[in-house]
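In what follows, a single structure is set out as structure tokens and then discussed.
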Amino acid sequence: MTRAAMNRLAATWVRRPSGCSDVYYHRPTGRIVKGSLPAEATSVYSSLAFWDKAPLRAYFDYTNLCNLECSHCITNSSPHADTAIELSTSRVLELIQEFEAMGVLEVQISGGEPLVHPDWRNILSCVTMSGMNLILTTNGTRLTDKVVADLTAVRPLEVRVSFDGGPNLHDQIRGKGVYAKAMAGAARLAASGIQTTARFTLVKDGEREIPKLCEDLKKIGINRLKVAVVKEAGRAAIGDGRHHLRELPTLVVASRLKALGESCGMDVQLSLDDFPVTVEESHDPKLRDSERANCGAGFDTCYISPQGDVLGCVTIPGMGFGNLKKLSFRDVWESRVAADYRHKAESSGARRICDALNKPAADREEGRIGLMLV
């Protein structure tokens, strides 16, 4: 570990440039403050190597291999994924070091199921030992006592366990008996002291099973529910997977979800990308510039596929910026293709960039008003 990494690892706050001003990141909570350092702040780390155009958060799926084959999986992950075409562990570790050097604040890892990768301990430890925060999303079925003990040593900021509803809907989507396994794994995780969140994917008719899910979560000591909507990508965009798609939630739906969760004593976080609510109403801790008009995909955040493709977001697969097997992240992030993407994203007027860029060009020319969410 470098001396710089050691200093960053020990710091409470990280300062880095972002656009026209600095941002301050509180490592223990993941809170971000823009402009000036809070009066109570102490132990601040920064580096001259930090880059103002670097994303604040990197979403990094290092494998599409999964022990499940969920019918709505947006990455087409499964037990049959071809791992031979994925980035090598050595390249994954190199990229994590690149993120550290340029000032990325958080790395969020899912997949695939990240805990099936043979080198997951080494990869996750590389993130946290660099001083970057780690948010891990898992299907929960691999959370044995040994795995949870190893995760405790890794010290992630947060681990999210995925659910689609109560046992009926969850098992319909993910396989018989998966709900019970995921709940048992989540219970071990919560008991370990790791900050544990239930990540709820809202599918068609999913609200009906929220009370049962919340009841079971409360029994095992989990009171945080992060709600996002299933996206039209991967298996959710084809065949039977389309059955799970639903219209984007309205303010009425958002209010109902908050009320359902809160009636069970849950802290409900609504994804700002999916719900037409304010930052305050959402309680969404997603790391991005609060002054940005759009969701920040391709600006404040990036997505890296297991094959090394860099995208603004996993839900915009047709606009890759480049591949990382031979190029550095900075070269790809500054490419002409990336610049073209950002121009189209900003000129669209859309809050959810995927709503604009996934539409045919003819539809985009009809006018910006039709692209607005709120």
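Every number here is computed from the coordinates shown, using simple stated rules; none is lab data. Bear in mind the structure is a predicted one, so any value in this text is a computation, not a measurement. Glycine gets a Cβ as well: all are built from the backbone with ideal geometry, and neighbour counts include every protein chain shown.
Other residues with beta-carbon under 15 Å from the beta-carbon of LYS212 carry, at +1 per Lys or Arg and -1 per Asp or Glu, a net charge of -4. Roughly how far apart, in whole Å, are the Cα centres of region 165-182 and region 269-285? Going from one Cα centre to the other spans 26 Å. Pairs from the list LYS34/LYS344; LYS181/LYS212; LYS176/LYS218; LYS176/LYS226; LYS53/LYS325; LYS53/LYS326 with a Cα-Cα gap above 18 Å: LYS34/LYS344; LYS176/LYS218; LYS176/LYS226; LYS53/LYS325; LYS53/LYS326. Placing a pseudo-label 7 Å from each Cα along the Cα-to-Cβ vector at LYS204 and SER192 gives an inter-label distance of 3.7 nm. Taking only the alpha carbons of region 212-364, we obtain Rg and Dmax values of 17.6, 51 Å in that order. Computed extension gain for GLU280 through ARG342, at 0.36 nm per residue and net of the alpha carbon distance, reaches 19.7 nm. Normalising the Debye intensity of region 117-265 to I(0), with uniform scatterers on Cα atoms only, and taking log10 at q = 0.13, 0.19 Å⁻¹ returns -0.63, -1.18. Normalising by residue count, the chain has a Cα convex hull of 139 Å³ per residue. Checking every one of the trypsin sites (Lys or Arg not before Pro) in region 216-286 against DSSP loop status and a limit of 16 other Cβ atoms within 10 Å picks out ARG246.
Calculated translational diffusion coefficient of region 214-281 (10 °C, 1.306 mPa s; Stokes-Einstein with Kirkwood radius over alpha-carbon pairs) equals 119 µm²/s. Relative to the compact-globule estimate of 2.2 N^0.38 Å, the Cα radius of gyration of region 119-168 comes out at 1.25. Full extension of the chain between ALA184 and ASN168 gives 4.1 nm of extra length, using 0.36 nm per residue less the Cα-Cα distance. Rounded to the nearest 20, the Cβ-based charge dipole of region 3-128 about its Cα centre (Lys and Arg +1, Asp and Glu -1) stands at 640 debye. About its Cα centre, the dipole of the chain is roughly 480 debye, where the only charges are +1 on Lys and Arg Cβ and -1 on Asp and Glu Cβ. For the chain, modelled as a GNM whose springs connect Cα atoms under 10 angstrom apart, the maximal fluctuation among LEU245, LEU115, LEU225 occurs at LEU245. For region 84-169, the C-alpha radius of gyration divided by 2.2 N^0.38 Å, with N the number of residues, is 1.14.
Using the Kirkwood radius over Cα pairs, work out the Stokes-Einstein diffusion coefficient for region 1-110 at 4 °C and 1.567 mPa s, in µm²/s as a whole number. Rounded to a whole number, D works out at 81 µm²/s.
Across region 50-97, the convex hull enclosing all Cα atoms gives 101 Å³ per residue. Modelled spin labels at LYS53 and SER78, positioned 7 Å past Cα toward Cβ, are 3.9 nm from each other.
Dimensions of region 137-205 from C-alpha coordinates, computed as largest minus smallest value along each principal axis and given longest first, are 38, 20, 14 Å.
The Cβ shell under 11 Å around TYR45 holds other residues with a net charge of +4, Lys and Arg each +1, Asp and Glu each -1. The Cβ shell under 12 Å around ASN139 holds other residues with a net charge of +2, Lys and Arg each +1, Asp and Glu each -1. For the chain, the antiparallel share of DSSP beta bridges with both residues in that region comes to about 30%. Approximating the spin labels as points 7 Å out from Cα along Cα→Cβ, the VAL252-to-GLU94 distance works out to 5.4 nm. Expressed in units of 2.2 N^0.38 Å, where N is the residue count, the Cα radius of gyration of region 42-190 is 1.11. A simple charge model with +1 on the Cβ of Lys and Arg, -1 on the Cβ of Asp and Glu and nothing else charged puts the dipole of region 182-308 at about 440 debye relative to its Cα centre.
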